[in-house]
Amino acid sequence: MRTHEAGSLRAEHAGQTVTLTGWVARRRDHGGVIFIDLRDASGVVQVVFREGEMADRAHRLRSEFCLKIVGTVEIRPEGNENAEIPTGAVEITTSDLEVLNESAPLPFPLDEHVEAGEEIRLRHRYLDLRRSGPARALRMRSEVNRIARTVLHANDFVEIETPTLTRSTPEGARDFLVPARLQPGSWYALPQSPQLFKQLLMVGGMERYYQIARCYRDEDFRADRQPEFTQLDIEMSFVDQDDVIALGEQVISALWKELADHEIALPIPRISYADAMARYGSDKPDLRFEVELTELTEYFAETPFRVFQAPYVGCVVMPGGASQPRKKLDAWQEWAKQRGAKGLAYVLVTEDGTLGGPIAKNLSDAEREGLAKAAGANPGDCVFFAAGQPNDARALLGAARVEIAHRCGLIDEDAWAFAWVVDFPLFEATDQIGDDVAVGSGKWTALHHAFTSPTPDSIDTFEQDPGAAKAYAYDMVCNGNEIGGGSIRIHRADVQKRVFEVMGLTEEESQEKFGFLLDAFKYGAPPHGGIAYGWDRICMLLAKADSLRDVIAFPKSGGGFDPLTSAPAQITPQQRKEAGVDFKPKPVEPKGEAAS
RNA sequence: GCUCACGUGGCCUAGCGGUGAGGGCACCGCAUUGUCAAUGCGGAGAUCGCGGGUUCGAAUCCCGCCGUGAGCGCCA
């Protein structure tokens, strides 16, 4: 329909007759001369209508009318250039105008300068996407896919699709369920990830698999969480941890090089889980700033202060924090309570080196004496303490660390800090977590997932001390976000059974849930491992967006609601009947059959 | 499930115990020959999220509900 794209026109096109299509971005009507900013996917160009019939017809144009125009490219009169836009040197003098489609008045302005609420924008996402910001985010996401595919194809990977109507996968989240009409009472689960399928593909000899895979988890919302989300899912045979990590680095460095103009220094540094927790109070530390936790359990071993008579005492220093007004220090208490802590003890280091704050008087003289040095605090700093179980206290301090960095402006927003977190524990005690979704019923559950291999050091001994067993697992972290994670998998049925046993999964249960996988392992399953990248989150980081919603074409809002289609929706009684959602199982039924 | 914040014409927003609920954008009409977030004049458009309460009087204070967002729990 068109000869050129609006945003592509430059001074060198002057004199050419062009046909353009696009939308009315803005109209500036001066009576005898009317300017239209015509927008298509490539950008915007100014179209001029002068007196007579053209001006009369242009007068009736409104925002977002869809047009086809024929005109000549002309250099703008001297002094009228617009340096703000790429096409600002030229304008189109129109000889023909066709309105392809009119537009109803807009529900919200598609103005680059005015910000409309998210709810209304998502309800009319097709309009929101005409704006340059949202459009750019989706185009960038397409590039993210392209670059990853290029890297993976260069490494001989095979792109394979796996089912979305399947059986529950053991990722630990709640499943989305789909009733099976042909088998009333039986349900499909949407995959939380293609985990088991990709392992089966390794058994199937595909050796190098990847997929940009949609995953589904029925959990509550966050700004960085959606009920359906995308992973770049990768699995490789005959590899160890270093091979997967090297491949993962190739993908990520290609993305950041092309899309963020950032050369990631390879190899990406590694930090052990234990180190990350001890120093940053997080398994996804933000390494863009220096502040670290200091453990003071030893220091307070003989403390008279009862709160610090705990299995773990640690602190984090807020530079310059001693000058915070009382109100701000109280706000920190509120902040800590929000996180389920009792409070956040603090000590202020005054300029003369003495200690202030409510708990200082509870400490012994000796403790007060050496505290600033032990905590690494300088005069004028504020020291926050947490005491209790190591995990809880460190998590609180880790969160405080991030909060301090924000409040003190310690974060360089242009920085990219990558790291691998490695040497995860294989198991996690179930009394530390709500075990309603844990696989199995034992005292231990998998920290990563149930198919993660113990490291070679732990593989023979993990039953004796499950808490000490290390997993062959790794997470990639960027600026405090976990952007990917993976592991070397168990490929032997006997090891898999032993792991299930530690997790309290009986032979019968594991056979019933994962029998197909255990069966597959009987037939010479190769050693394999892989990684999955949180694709939405990576796109969000690359786009410098605040929310996952910005990099998803049609995102859900809170509560899993789609503002555009109003899904989820009620179903008709007929659908209800056919779907068999009200099927009541017979009271007594012998076990067996494929259905569960 | 918990905590906090917000909900005022289509959009953005002011008002925080007595107002004719004010403004900007959009919309309709008129004017307008160099703008680029054009401009000027005129017009229409609001049960102030819903329900209850306090008060002589509520958009404004209180309670409940709904919706949205952020955080926690949960979730890699």
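Could you check segment A:252-343 for strands (runs of 3 or more DSSP E) lying wholly inside it with 3 or more residues that are away from RNA strand B (no atom under 16 Å from the Cβ) and crowded, with 19+ Cβ neighbours inside 10 Å? Can you show your working first?
On the way: elements: A:270-272, A:293-295, A:312-318.
Counting at least 3 such residues, we get A:312-318.
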Check: Inside segment A:459-498, can you point out the residues that are buried (at least 21 other Cβ atoms within 10 Å of the Cβ), more than 28 Å from residue A:402 (Cα to Cα) and polar (S, T, N, Q)?
Finding: A:496
Notebook entry, point to check: Is it the case that residue A:38 is under 22 Å from residue A:83 (Cβ atoms), in contact (Cβ under 8 Å) with a residue 12 or more places away in the chain and open to solvent by less than 70 Å² (accessible area, probe 1.4 Å)?
Noted result: yes
Note to self: When you check residue A:563 against the structure, is it within 11 Å of RNA strand B (Cβ to nearest atom), open to solvent by less than 30 Å² (accessible area, probe 1.4 Å) and not polar (S, T, N, Q), yes or no?
What the structure shows: yes
Check: Exactly one of (1) within 12 Å of RNA strand B (Cβ to nearest atom); (2) in contact (Cβ under 8 Å) with a residue 12 or more places away in the chain; (3) over 20 Å from residue A:149 (Cβ atoms) is unmet by residue A:199. Its number?
Finding: (1)
Notebook entry, point to check: Among the helices (runs of 4 or more DSSP H) contained in segment A:26-138, which hold 3 or more residues that are modelled with pLDDT under 95 and more than 34 Å from the chain's Cα centre (by Cα)?
Noted result: A:53-59
Notebook entry, point to check: Name the pairs whose Cβ atoms lie under 7 Å apart, with the first residue in segment A:511-537 and closer than 20 Å to residue A:471 by Cα and open to solvent by 10 Å² or more (accessible area, probe 1.4 Å), the second at pLDDT 95 or above and among the acidic types (Asp, Glu), and 6 or more positions between them or separate chains?
Noted result: A:532/A:233
Item checked: Residue within segment A:216-224 that is touching a strand residue (DSSP E or B) at 6+ places or on another chain (Cβ under 6 Å) and either over 19 Å from residue A:548 (Cβ atoms) or within 13 Å of RNA strand B (Cβ to nearest atom) (or both) present -> yes
Next item on the list: Name every residue in segment A:225-251 that is in a strand (DSSP E or B) and either at positive phi or within 16 Å of RNA strand B (Cβ to nearest atom) (or both), in order of residue number.
Entry: A:225, A:228, A:229, A:230, A:231, A:232, A:233, A:234, A:235
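Anything in segment A:159-214 that is part of a loop (DSSP other than H, G, I, E, B), open to solvent by 70 Å² or more (accessible area, probe 1.4 Å) and modelled with pLDDT of 95 or more? List them, or say none.
Filtering segment A:159-214 down to residues part of a loop (DSSP other than H, G, I, E, B) leaves A:160-165, A:167-176, A:180-186, A:190-194, A:204-207.
In the following step, the residues that additionally are open to solvent by 70 Å² or more (accessible area, probe 1.4 Å) were identified as A:161, A:165, A:167, A:174, A:181-183, A:206-207.
Scanning segment A:159-214 gives A:161, A:165, A:206, A:207.
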Checklist line | Hits in segment A:20-55 (condition: near RNA strand B (Cβ under 6 Å from one of its atoms), under 28 Å from residue A:140 (Cα atoms) and of a type outside the set (D, E, K, R)) | finding: A:46
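Residue by residue, here is whether (1) touching a Lys or Arg at 6+ places or on another chain (Cβ under 6 Å); (2) on the phi > 0 side of the Ramachandran plot holds:
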position	(1), (2)
A:524	no, yes
A:533	no, no
A:541	no, no
A:548	no, no
A:558	no, no
A:578	yes, no
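Residue by residue, here is whether (1) open to solvent by 50 Å² or more (accessible area, probe 1.4 Å); (2) more than 10 Å from RNA strand B (Cβ to nearest atom); (3) touching a residue at least 60 places away in the same chain (Cβ under 8 Å) holds:
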residue: A:57; (1), (2), (3): yes, yes, no
residue: A:68; (1), (2), (3): yes, yes, yes
residue: A:74; (1), (2), (3): yes, no, yes
residue: A:90; (1), (2), (3): no, no, yes
residue: A:100; (1), (2), (3): yes, yes, yes
residue: A:106; (1), (2), (3): yes, no, no
residue: A:131; (1), (2), (3): no, yes, no
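The values are calculated or read from the model by the stated rules, or taken from the named source; none is laboratory data. Since the model is a prediction, treat every value here as computed from it, not as a measurement. So basically every Cβ, Gly included, is an ideal-geometry build from the backbone, and we count neighbours across all protein chains shown. Heavy atoms of the whole protein, side chains included, go into the accessibility calculation; ligands, DNA and RNA do not. Shrake-Rupley method; radii C 1.70, N 1.55, O 1.52, S 1.80 Å.
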